[in-house]
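Inspection log for the structure reproduced underneath, given as structure tokens.
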Amino acid sequence: MMTTPELSCDVLIIGSGAAGLSLALRLAEKHKVIVLSKGPVSEGSTFYAQGGIAAVFDETDSIASHVEDTLIAGAGICDRHAVEFVASNARTCVQWLIDQGVLFDTHVQPNGKESYHLTREGGHSHRRILHAADATGKEVETTLVSRAQNHPNIQVLERSNAVDLIISDKMGLPGPRRVVGAWIWNRNKEWVETCHAKSVVLATGGASKVYQYTTNPDISSGDGIAMAWRAGCRVANLEFNQFHPTALYHPQARNFLLTEALRGEGAYLKRPDGSRFYAGR
């Protein structure tokens, strides 16, 4: 009888985008980490992000302005504490990416000083978008993937789907109910593996691929949300799905997004008759 292959680690991170890999690199300083990638390691939403990352680097800008812009764009439904936390820590997080080797575009100012090239995107009152040409996500993802794959405490498993979380009481383990690992469908070997972990992190992204028209990659199917719900976690705000508002449409090809920086730099959306669509926004 064939036995189920078993893996073990301190922390199992399900998801290999910027969130999952950033956490893996942080935790790997002290812990053994396994990162699951549903497809090829770069095949997540991070890789396809174009525009850039918002952070206050310009001396004429401020965190307060960044917060206010975000609250206005959120139409009154943002969690102000969360917005303030993200805006306040954005520059530190971007600097961490730079320290990992991410190369953002720079330019030479009139005074001869080199600085990061900042652009604008929708809803921002200042230039605060750091970018790597129009493939920022690709630059971030490939850099983090390289760092993770070369770290002795990180094991990246590609084409490995988390099937479900392993719950302690279902395994007959004593103590409070907790997640102790996950069952994994190894698509390379076509078998199920059991991964035991002291801690499990869901960094699986969203579920917007369930819609017919979307620029999300095929892997954005909500697996992590479903696993969390089955494990007993509370889920909320599932009606909020992110859609990129501009894409290139072709009847015989897959849609792909057109960067938000187009509108931030002054591009307009127009109907076939030339009239403005969503004028004033």
Discussion item. Report the Cα-based extents of the range 207-255 along its three principal axes, largest first, to the nearest Å.
Written reply: 42, 17, 11
Worksheet entry | Mean residue ellipticity (222 nm) of the chain, computed from DSSP H runs ≥ 4 via -39,500 (n - 2.57), nearest 500 | -7500 deg cm²/dmol
Worksheet item: Starting at 0 and stepping by 5 Å, how many percent of the alpha carbon pairs of the range 126-281 end up in each bin?
Response: 1, 7, 10, 14, 15, 16, 13, 9, 6, 5, 3, 1, 0, 0
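Could you tell me how many cubic angstrom of Cα convex hull volume the chain has per residue? Walk me through the intermediate numbers first.
Details: hull volume 49.2 nm³, N = 281.
About 175 Å³ per residue, rounded to a whole number.
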Item to complete: Calculate how steeply helix 136-149 sits against the longest principal axis of the alpha-carbon atoms of the chain, using the helix alpha-carbon long axis, and give the answer as 0 to 90 degrees to the nearest 10.
Response: 30
Discussion item. Using a Förster radius of 41 Å, what is the FRET efficiency between Thr60 and Arg254 based on their Cβ-Cβ separation? Nearest 0.05, please.
Written reply: 0.55
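Net charge around Ser16, counting only other residues with Cβ within less than 10 Å of its Cβ (Lys, Arg = +1; Asp, Glu = -1)? Each step should come with its number before you reach the end.
Numbers: positive: Lys38; negative: Glu43, Glu141, Glu158.
Counting the neighbours of Ser16, the net charge comes to -2.
Based on the mean of other beta carbon atoms within 10 Å per residue, what is the order of 6-18, 250-262, most packed first?
Sorting 6-18, 250-262 by mean packing, highest first, produces 6-18, 250-262.
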Response to the item:
One finds the C-alpha centres of the range 260-278 and the range 224-257 to be spaced, in Å, by 24
Worksheet, complete the sentence: Once phi for every residue in the range 105-110 is put through the Karplus expression 6.51 cos²θ - 1.76 cosθ + 1.60 (θ = phi - 60°), the whole-Hz ³J(HN,Hα) values, with Gly and Pro written as x, are 5, 10, 8, 9, 6, x
Worksheet entry | Amide hydrogen neighbours beyond the local backbone of Gly122, cut-off 5 Å, H modeled | Gly264
Discussion item. I'd like the Kirkwood hydrodynamic radius of the range 95-178, using the inverse of the mean 1/r over distinct C-alpha pairs, in Å.
Written reply: 17.1
Practice prompt. List the residues whose amide H sits under 5 Å from the amide H of Ser220, counting only those 5 or more places along or on another chain, with H placed 1.01 Å from N in the peptide plane.
Written response: Lys209
Worksheet entry | Furthest towards positive pole of dipole, Ala49, Thr142, Gly175, structure part the range 49-191, Cβ charges | Gly175
Response to the item:
The helix 18-27 Cα axis meets the longest alpha-carbon principal axis of the chain at an angle in degrees, between 0 and 90 and rounded to 10, of 60
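Quick check: net charge around Asp61, other residues with Cβ under 14 Å of its Cβ, Lys/Arg +1 and Asp/Glu -1?
Values: positive: Arg91, Arg120, Arg127, Arg128; negative: Asp58, Glu59, Glu68, Asp69, Glu121.
Value of the local net charge: -1.
In what sequence, highest mean first, do 171-177, 209-215, 156-162 appear when ranked by Cβ atoms within 10 angstrom? It would help to have the intermediate numbers written out before the result.
Numbers: 171-177: 8.6, 209-215: 13.3, 156-162: 19.9.
For the peptides 171-177, 209-215, 156-162, the packing ranking is 156-162, 209-215, 171-177.
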Worksheet item: Cα centroids of the range 133-210 and the range 108-122: how far apart, whole angstrom?
Response: 38
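Considering only the other residues whose Cβ falls under 13 Å of the Cβ of Val145, what net charge follows from Lys and Arg at +1 and Asp and Glu at -1?
Taking every Cβ under 13 Å from that of Val145, the sum is -2.
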Worksheet entry | Value of Rg/Rh across the range 1-105 [Cα atoms, Kirkwood radius] | 1.08
Worksheet item: Each residue of the range 267-272 in order: what ³J(HN,Hα) in whole Hz does its phi give by Karplus 6.51 cos²θ - 1.76 cosθ + 1.60, θ = phi - 60°, with x for Gly and Pro?
Response: 5, 10, 8, 10, 7, x
Item to complete: Along Cα→Cβ, 7 Å out, is where each label goes; now give me the distance between the ones at Asp164 and Arg178 in nm to one decimal.
Response: 2.2
Discussion item. Using each residue's phi in the range 80-91, evaluate 6.51 cos²θ - 1.76 cosθ + 1.60 at θ = phi - 60° and report the 3J(HN,Hα) Karplus result to the nearest Hz, with x for Gly and Pro.
Written reply: 4, 4, 5, 4, 5, 5, 5, 5, 5, 9, 4, 5
Item to complete: Provide Rg and Dmax in Å for the range 1-47, with only Cα atoms included in the calculation.
Response: 12.6, 41
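Coordinate-derived values only; no laboratory data. Bear in mind that the values here come from a model prediction, so they are computed numbers and not experimental data. In this analysis, Cβ positions are derived from the backbone assuming ideal geometry, glycine residues included, and neighbour counts consider all displayed protein chains.
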